[in-house]
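Enquirer: Please see the structure below; I have some questions.
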Amino acid sequence: MQATTLLPRTGDLFHQGLERQAGAALLRFGAARPRPAGRISWSGSGAAAWLDDARGHVWSVGEPDAAAGLVVRAAHGLPDRVREFTGPRGTDALVGRHLPVTDVVEWVFRWTLEEPPVHRAEERVAELDASHHEELLAFLEEHSPAHSTGPGSSDVSLWVGIRDGEGDGRLVACGALSSLRDSGAPLMASVATDAALRGQGLGAALTSWLTRYAVRRHGFCTLWQLADNTPAERLYTRLGYRNEDPCVAARIVTP
């Protein structure tokens, strides 16, 4: 693996044209707006990477071999600051030739620029405020224990939910509009449905509503999808989310 590391060289991320290529939407939406002057970044032939210093997370896009080279260089150059990474599918195995990795998870970064068709149950979606945080947390812990973000998170701008009955009953579905840490781009998160009511279109209604809300206010919406989640794959495709960014995330094992 050959890669050139320069610290910092944020401009390199945006001078290769990678952000305009298929498979680099994570760069376009996640890092290309805005461009913080202090961001640490790396670039090589056909790949770019940048550091989310707060998490110790290196994000990379481009060709897997080149992206893996940047991750390895980042880990060697900043051993006390780089703890995990995300890269194009296959990066984990390539990084694993040089560094021990664990907790490998395959994801797809998806996005849309278009409003989806209106779902019949969207009229049941209602905005929730801070007074509902305790209820939201209890619901998520019961029906989606691995939720990506929770009530009170500083990244979340909006929580919405669906209730049973005429709208005053118990919570049966919820979801949030969060944001990507680097850029503030809208990110749908923590969509969950009562386990006993799945298959009735409640999650689809929430997803459609949140997508439309984000597109109208920001011009686009993004989300992360687990690679082996077939029902979510079908739903997001039906709603118009593009699928060009298969990714893998993993943790670097430190001594």
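Enquirer: When the chain is modelled as a GNM with alpha-carbon springs shorter than 10 Å, which of 116, 79, 186 fluctuates the most?
Expert: 79
Enquirer: Give me the extension gain from residue 81 to residue 21: residue separation times 0.36 nm, minus the current Cα-Cα distance, reported in nm with one decimal.
Expert: Contour length minus Cα-Cα distance gives 18.7 nm.
Enquirer: In whole angstrom, and with the biggest value first, how far do the Cα coordinates of the chain range along each principal axis?
Expert: Largest to smallest, the principal-axis extents are 61, 38, 32 Å.
Enquirer: When only Cα pairs under 8 Å and 6 or more residues apart are kept, what is the percent relative contact order across the chain?
Expert: That works out to 24 percent.
Enquirer: What does the helix-only formula give at 222 nm for the chain: each DSSP H stretch with n ≥ 4 adding -39500 (n - 2.57), the total divided by the residues, and the result rounded to the nearest 500 deg cm²/dmol?
Expert: -7500 deg cm²/dmol
Enquirer: With contacts defined as alpha carbon pairs under 8 Å and 6 or more residues apart, what's the relative contact order of the range 70-184 in percent?
Expert: Here the relative contact order equals 17 percent.
Enquirer: State the Cα centre-to-centre distance between the range 104-159 and the range 175-224 in whole Å.
Expert: Cα centroid of the range 104-159 versus Cα centroid of the range 175-224: 6 Å apart.
Enquirer: Of the peptides 216-223, 125-132, how do they stack up when ordered by the mean number of other Cβ atoms within 10 Å, highest first?
Expert: Packing order, densest peptide first, comes out as 216-223, 125-132.
Enquirer: Measure off 7 Å from each Cα along the Cα-to-Cβ vector at residue 142 and residue 120, then give the distance between these two points in nanometres to one decimal.
Expert: With each label placed 7 Å out from Cα toward Cβ, I get 2.7 nm.
Enquirer: Here's a follow-up. Within a Cβ distance under 14 Å of residue 232, other residues only, what is the Lys/Arg minus Asp/Glu net charge?
Expert: That works out to +1.
Enquirer: Please find, in a Gaussian network model of the chain (springs between Cα atoms separated by less than 10 Å), the residue of 95, 118, 191 whose mean-square fluctuation is greatest.
Expert: 118
Enquirer: If you take the beta carbon distance between residue 243 and residue 45 as r and set R0 to 25 Å, what does 1/(1 + (r/R0)^6) give as a FRET efficiency, to the nearest 0.05?
Expert: Once the sixth-power term is evaluated, E becomes 0.45.
Enquirer: Can you pull out the trypsin sites (Lys or Arg not before Pro) in the range 92-158 whose DSSP state is coil and whose Cβ has at most 12 other Cβ atoms within 10 Å?
Expert: Passing sites in the range 92-158 are 97, 120.
Enquirer: Using a Gaussian network model on the chain with a 10 Å cutoff between Cα atoms, which of 237, 91, 193 fluctuates the most?
Expert: Result: 237 has the largest fluctuation of those listed.
Every number in this text was worked out from the coordinates using simple rules, so none of it is lab data. All values reported here derive from a predicted model rather than from experimental measurement. In this analysis, Cβ positions are derived from the backbone assuming ideal geometry, glycine residues included, and neighbour counts consider all displayed protein chains.
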